[in-house]
Amino acid sequence: MKEYNLLVFSTSKPLKIGVYDKQRFLESFQMEGQLSDCLLPLFVKVCDKYPKIQTLFFINGPGSFMALKLVYIFAKTLAMTKGVEILAASGFDFNGNSPIRAYGKSYFVRKNGEIFLENFEELREEAEYTFPQILNSDYFSQSIKPLYLLPAF
């Protein structure tokens, strides 16, 4: 049976999952709502069409503490129960290196490879995460723990 790779954008809304045949983009799926309500149903929908998953690529930060934790636990569960390889990358690699909302008018920004918090006068429209046509695994790491940059509130 043919194996596919998935790229999950869980730190932005809507939740998006891209499907890749090796590194070549095939299609994407998305669902509006809370990540806790959407992750499993959307994953099931994807797996109905693409039942054999080889690697799950996901964003491990920065972003919502709960979203990061939830997708990490989901990925680890797939690795342990289904033998799916899991790799993670920064969200900045898929949003054109644009600021990522933290809270209020504070945003995570990445400059010279470092991530820090910056306050803006006005709320900014966040850049959309986009699926690359060719999935470059060089962006990803086996270091998959969530990138927690703020303490939990």
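Summary table below
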{"read-out": "Separation in nanometres of the label points that stand 7 Å from Cα toward Cβ, at PHE25 and LYS111", "value": "2.9 nm"}
{"read-out": "Lysine pairs in the range 22-153 with Cα atoms under 18 Å, if 8 or more residues apart or on separate chains", "value": "8"}
{"read-out": "Helical mean residue ellipticity (222 nm; -39500 (n - 2.57) per DSSP H run of 4+; nearest 500) of the chain", "value": "-7000 deg cm²/dmol"}
{"read-out": "Accessible area expressed per residue, the range 1-133, with surrounding protein chains retained (probe 1.4 Å, Å²)", "value": "53 Å²"}
{"read-out": "Choice from GLN142, GLN30, GLN54 with maximal GNM fluctuation in the chain (Cα, 10 Å cutoff)", "value": "GLN142"}
{"read-out": "Where labels lie 7 Å past Cα in the beta-carbon direction, separation of LYS2 and ASP37 in nm", "value": "3.4 nm"}
{"read-out": "Given [x] 16.3, 54; [y] 17.2, 58; [z] 15.1, 53, the label whose value is Rg and Dmax of the Cα atoms in Å derived from this model", "value": "[z]"}
{"read-out": "Peptides ranked, highest mean first, by Cβ atoms within 10 Å: ranges 31-37, 42-48", "value": "42-48, 31-37"}
{"read-out": "Beta bridges by DSSP in the chain, antiparallel share as percent, to the nearest 5", "value": "70 percent"}
{"read-out": "Relative packing of 133-139, 97-103, which averages over residues the other C-beta atoms within 10 Å, highest first", "value": "97-103, 133-139"}
{"read-out": "Folded to 0 to 90 degrees: helix 65-82 orientation relative to the chain principal axis, Cα", "value": "20 degrees"}
{"read-out": "Fully extended contour minus Cα-Cα distance, from PHE65 to CYS47, at 0.36 nm per residue", "value": "3.8 nm"}
{"read-out": "Lys, Arg +1 and Asp, Glu -1 on Cβ, resulting dipole of the chain about Cα centre, debye, nearest 20", "value": "440 debye"}
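The values are calculated or read from the model by the stated rules, or taken from the named source; none is laboratory data. Since the model is a prediction, treat every value here as computed from it, not as a measurement. Please note: Cβ atoms are built from the backbone with ideal geometry, for glycine as well, and neighbour counts cover all protein chains shown. Side chains are part of the model used for accessible areas, which takes the heavy atoms of the whole protein and leaves out ligands, DNA and RNA. Shrake-Rupley method; radii C 1.70, N 1.55, O 1.52, S 1.80 Å.
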